[in-house]
Amino acid sequence: MTRSLDGVEYHETILGTVGNTPLVRLRATARGCPAPVLAKVEFFNPGGSVKDRIGLAMVEAAEREGKLRPGGTIVECTSGNTGMGLALVAAVKGYHAVFCMPDKVSAEKVSLLKAFGAQVVLSPTAVAPESPESYYSVARRIASERSGAFLTDQYRNAANPQAHYETTGPELWSQTGGKITHFVAGMGTGGTISGAGHYLKERNPDVRVIGADPVGSILKAYHETGQITEAHTYKIEGVGEDFIPAATDFSVIDQVIACTDRNGLNMTRRLAREDALFVGGSGGMAAWVALEVARQLTPDHLVVVLLPDTGDRYLSKVHSDAWMRDNHLLDPSATRVGDVVGNKARALPTLLSVEVGQPLRRALTLVEQHNITQIPVFKDREPVGTLYDSEILKTVIADPGAIERPVEQWMDAPLPVVRSDEPIERVTQLLASRNPAVLVRDDGSVVGILTRFDMLQFIAGGE
Ligand code: PMP
């Protein structure tokens with residue numbers, strides 16, 4: 001709530017800035033979709049995520065119900081964002097805060113919570129929720145053992161979906177002037193989709209509410225069959241579950257669409273590069289699903305996708321090339337030739353080459369010193385041929401005098417040239433059709449070479 005003192009506009013605390021996040025159109029990433037796609041950009045919340053909404057709502061509800069009193073402790077199991085929302089509220093209202101989370105969360109998320117004075121307890125990711133070691137069990141134990149402690153329990157707390165029914169849903173409705181036809185959101189606790197979906201359906205029962213679920217989670221199968229299946233681990237954080245959260249109202253969800261780590265995480269990177277929307281993996285996943293949906297629609301429809309949080313917390317994960325490569329998640333079509341040249345593991349001078357007219361001795365020295373297989377031959381800065389180590393050795397052994405003669409006598413056809421902004425697939429195609437290497441042109445001049453060895457190293461993630 002904004003206050004005004006003699007024309008001075010301000011918020012009494014940071015909590016007044018929660019909600020009322022903007023809608024931003026997906027342009028480049030949604031190119032080719034007949035229906036417009038708008039993103040509800042939740043990183044505009046002061047804690048950087050949609051969870052600020054429920055942090056505030058759950059604490060206010062607990063205060064109203066007498067479950068939280070001055071000096072009390074807020075306990076929650078959270079993969080970070082809910083903790084952040086609660087940490088803001090705890091700091092402003094003077095509560096203690098303890099957060100229990102799985103050890104797969106990024107180090108950035110843990111540091112962030114500690115910055116607000118909260119305590120963080122990590123538990124193993126790969127244990128069943130009912131195990132005493134799980135972060136759910138640890139949170140329950142702490143809440144029952146500490147006096148004045150209250151477990152907010154976003155998975156069961158009715159104030160979670162209620163916050164979205166009261167804020168997110170009405171914002172979506174009024175910002176779109178009631179024109180929203182499809183709402184897409186990832187599902188963790190299910191609070192966002194249930195609360196906002198419920199509100200939208202009340203205003204217009206024809207609004208389609210679509211859940212995005214990572215492959216490995218059990219929510220899609222549960223929605224479709226009512227059966228509880230076996231969960232598998234996946235990399236996208238904050239969404240998908242291995243149990244059915246009570247906060248999810250499956251009756252407002254029309255459809256659940258599954259998304260792989262690869263599709264969701266590569267979309268996360270595209271959102272930053274192409275639309276300058278720097279978000280976490282669950283946002284990329286939801287956007288990927290929204291685009292799948294929008295491709296089947298017409299310009300009369302209006303798709304809104306909720307992007308839950310900022311990419312800041314995943315700099316060492318989805319937004320790190322090395323992490324994506326190590327997890328074999330990089331989408332070749334999203335990788336440019338220049339990315340691979342810039343990441344070459346071998347410490348060689350940029351491009352080893354010889355000039356037309358130089359003696360074969362020069363090429364022999366390069367082979368010897370740098371252990372390379374092929375050497376491009378240049379004339380006036382343009383590639384005109386290639387020398388291969390086997391040919392050089394054969395020649396020099398047969399005729400030692402040849403080393404003083406100009407290289408062009410032994411050169412083969414020049415290597416193909418690709419531009420550094422072309423997708424890396426172009427290189428793999430050329431290498432597959434028997435070219436041992438390709439040259440890379442950037443800004444007009446040839447600046448690098450990519451060999452089969454370089455490509456294998458890049459794909460294998462070796463350093
Ligand atoms: N994305 C992220 C990063 C989250 O932390 C969460 C909450 N677990 C969600 C999406 C899903 O939101 P909800 O819990 O409201 O379903």
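The values are calculated or read from the model by the stated rules, or taken from the named source; none is laboratory data. In this text the structure is predicted, and so the values were computed from the model without any measurement. Cβ sites come from the backbone with ideal geometry, for glycine too, and all protein chains shown count toward neighbours.
A few notes on this one:
- Residue satisfying condition, being of a type in the set (S, T, N, Q) and over 25 Å from residue 327 (Cβ atoms), within set 106, 111, 123, 131: 131
- For the criterion of being of a type in the set (A, V, I, L, M, F, W, C), out of contact with any strand residue (DSSP E or B) (no Cβ under 6 Å at 6 or more places or on another chain) and either modelled with pLDDT of 95 or more or not assigned by TED's automatic domain parsing to the domain that holds residue 229 (or both), residue 126 passes.
- Summed over segment 187-244, the residues that are more than 9 Å from the ligand (Cβ to nearest atom) and among the polar types (S, T, N, Q) give a count of 6.
- Restricting attention to segment 28-81, the residues that are under 20 Å from the mean Cα position of the chain (by Cα) and assigned to a strand (DSSP E or B) add up to 6.
- Within segment 47-87, considering residues that are among the β-branched types (Val, Ile, Thr), at pLDDT 95 or above and within 12 Å of the ligand (Cβ to nearest atom), the one surrounded by the most Cβ atoms within 10 Å (Cβ to Cβ): 50
- Here residue 239 does not qualify as part of a strand (DSSP E or B), closer than 27 Å to residue 170 by Cα and not hydroxyl-bearing (Ser, Thr, Tyr).
- Odd one out for residue 252 among (1) more than 25 Å from residue 104 (Cα to Cα); (2) more than 16 Å from the ligand (Cβ to nearest atom): (2)
- Residue in segment 25-34 that is of a type outside the set (Lys, Arg), modelled with pLDDT under 95 and assigned by TED's automatic domain parsing to the domain that holds residue 279 present: yes
- Residues satisfying the stated conditions in segment 289-327, i.e. within 16 Å of the ligand (Cβ to nearest atom), of a type in the set (Val, Ile, Thr) and surrounded by fewer than 24 Cβ atoms within 10 Å (Cβ to Cβ): 310
- Segment 380-431, subset of a type in the set (Gly, Ala, Ser) and surrounded by 16 or more Cβ atoms within 10 Å (Cβ to Cβ), residue nearest to residue 341 (Cα to Cα): 420
- Only a single criterion out of (1) of a type in the set (D, E, K, R); (2) loosely packed, with under 14 Cβ neighbours inside 10 Å; (3) over 19 Å from residue 54 (Cβ atoms) is not satisfied by residue 108, namely (2).
- Lone unmet requirement of (1) modelled with pLDDT of 95 or more; (2) within 27 Å of the chain's Cα centre (by Cα) for residue 90: (2)
- Criterion (of a type in the set (A, V, I, L, M), within 11 Å of the ligand (Cβ to nearest atom) and outside any helix (DSSP H, G or I)) met by exactly one of 247, 286: 247
- Residue check for residue 434: assigned by TED's automatic domain parsing to the domain that holds residue 357, without any contact (Cβ under 8 Å) to a residue 40 or more places away in the chain and either in contact with a His (Cβ under 9 Å, 6 or more places away or on another chain) or in a loop (DSSP other than H, G, I, E, B) (or both): yes
- When residues in segment 1-29 are screened for being buried (at least 20 other Cβ atoms within 10 Å of the Cβ) and out of contact with any Lys or Arg (no Cβ under 9 Å at 6 or more places or on another chain), 1 of them pass.
- Test: residue 180 is more than 16 Å from the ligand (Cβ to nearest atom), β-branched (Val, Ile, Thr) and assigned to a helix (DSSP H, G or I): no
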